[in-house]
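Comments concern the structure below.
The values are calculated or read from the model by the stated rules, or taken from the named source; none is laboratory data. What you see is a predicted model; the values in this text were computed from it and never measured. Neighbour counts run over all protein chains shown; Cβ positions are idealised from the backbone, glycine included. In case anyone asks, the SASA skips ligands and DNA or RNA and just uses the protein heavy atoms, side chains included. Shrake-Rupley method; radii C 1.70, N 1.55, O 1.52, S 1.80 Å.
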Amino acid sequence: MSARILIVEDEAALRKILAYNLRAANFEVLQAADAEEAELLVTEQPPDLVILDWMLPGMSGLEFCRRLRRRPATAELPVVMLTARAEETDRLRGLDMGADDYVTKPFSTAELIARIRAVLRRSRPGLVGDVLTFHDLRMDVAAHRVFRGQREVHLTPTEFRLLRYLLENPGRVFSRGQLLDRVWGSAAEVELRTVDATVRRLRRALNAAGEIDLVRTVRAEGYALDLPSATDRTTACPPPSTA
Ligand code: CA
């Protein structure tokens with residue numbers, strides 16, 4: 001059984017690319033160009049998750065999300081918001097409008113699909129199982145095994161927890177302090193450089209010769225599970241406008 005995803009996006013080109021990539025990832029896909037059309041589909045063919053663009057003609061994505069939350073039938077329907085700019089993301093964080101996650105344009109298909117899987121895992125565990133994926137990386141949480149392509153990757157328990165946390169939040173940059181808190185636990189007597197050392201070991205384990213480095217170091221900020229910017233980032237979305 002595959003999860004049914006409703007894409008609500010007025011940019012036809014982006015909608016088509018998303019639909020294509022989601023189908024390739026084995027999702028069933030519904031498409032709507034505005035909130036009105038989406039409203040009908042939600043009633044007629046209830047989706048398991050909605051990808052909702054913030055900026056829509058007519059009713060905004062934000063208002064549509066609020067509407068979904070107000071109705072008992074859709075109050076629990078998972079929503080991943082697409083936002084165009086950092087300011088929107090900041091506003092979104094501050095608003096309690098009920099989105100389960102958000103992705104800032106431009107985003108990579110791999111990142112969006114990983115987010116969708118993470119949200120579905122929380123809301124509809126039967127549809128995705130206990131497997132976390134990012135690019136060619138796959139973690140079977142229940143079996144405690146990690147694969148990069150066909151190759152099994154062996155990790156220590158701490159490296160496993162760190163990778164799991166990054167896989168649950170792909171594309172997000174975490175400071176060393178945040179990682180310390182969430183992976184080691186705030187009570188742990190560990191120094192920040194322990195985080196660097198663990199990331200270094202994780203990286204060595206994940207990236208065999210010739211494979212692209214999936215762990216991004218953000219200078220003075222921290223770390224993220226991410227693809228190098230030139231390879232995949234532009235496939236899901238046109239480059240950001242400079243206006
Ligand atoms: Ca739009």
Got at least one residue in the stretch 150-168 being open to solvent by 10 Å² or more (accessible area, probe 1.4 Å), touching a residue at least 24 places away in the same chain (Cβ under 8 Å) and over 30 Å from GLY210 (Cβ atoms)?
-> no
Total residues in the stretch 18-36, condition within 14 Å of the ligand (Cβ to nearest atom) and either open to solvent by 10 Å² or more (accessible area, probe 1.4 Å) or farther than 17 Å from LEU68 by Cβ (or both) | 4
In the stretch 153-175, how many residues are under 14 Å from the mean Cα position of the chain (by Cα) and acidic (Asp, Glu)?
-> 1
Restricting the search to the stretch 1-22, which residues are farther than 20 Å from MET55 by Cβ and without any contact (Cβ under 8 Å) to a residue 60 or more places away in the chain?
-> ARG4, TYR20
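Inspect the stretch 37-47 for any residue being within 16 Å of the ligand (Cβ to nearest atom), at pLDDT 95 or above and surrounded by fewer than 22 Cβ atoms within 10 Å (Cβ to Cβ) and give the result as yes or no.
Let us first name the residues in the stretch 37-47 that are within 16 Å of the ligand (Cβ to nearest atom), namely 37-38.
Within this subset, residues satisfying the condition of being at pLDDT 95 or above are 37-38.
Among the residues that remain, those that are also surrounded by fewer than 22 Cβ atoms within 10 Å (Cβ to Cβ) are: 37.
Yes, the stretch 37-47 has at least one match.
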Report yes if some residue within the stretch 39-48 is touching a residue at least 40 places away in the same chain (Cβ under 8 Å) and under 12 Å from the mean Cα position of the chain (by Cα); otherwise report no.
-> no
What number goes with the only condition from (1) in contact with a helix residue (DSSP H, G or I) (Cβ under 8 Å, 6 or more places away or on another chain); (2) buried (at least 21 other Cβ atoms within 10 Å of the Cβ) that ARG121 does not pass?
-> (2)
In the stretch 1-17, residues that are within 16 Å of the ligand (Cβ to nearest atom), among the aliphatic types (A, V, I, L, M) and either open to solvent by less than 40 Å² (accessible area, probe 1.4 Å) or closer than 15 Å to ILE116 by Cα (or both) total 4
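If we scan the stretch 84-93, do we find a residue that is open to solvent by less than 20 Å² (accessible area, probe 1.4 Å) and touching a helix residue (DSSP H, G or I) at 6+ places or on another chain (Cβ under 7 Å)?
Among the residues of the stretch 84-93, not one is open to solvent by less than 20 Å² (accessible area, probe 1.4 Å) and touching a helix residue (DSSP H, G or I) at 6+ places or on another chain (Cβ under 7 Å), which makes the answer no.
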Restricting attention to the stretch 170-191, does a residue exist that is polar (S, T, N, Q), crowded, with 17+ Cβ neighbours inside 10 Å and in a helix (DSSP H, G or I)?
-> no
Being more than 11 Å from the ligand (Cβ to nearest atom) and under 21 Å from the mean Cα position of the chain (by Cα) is the filter; apply it to the stretch 49-63 and report the residue that is surrounded by the fewest Cβ atoms within 10 Å (Cβ to Cβ).
-> LEU62
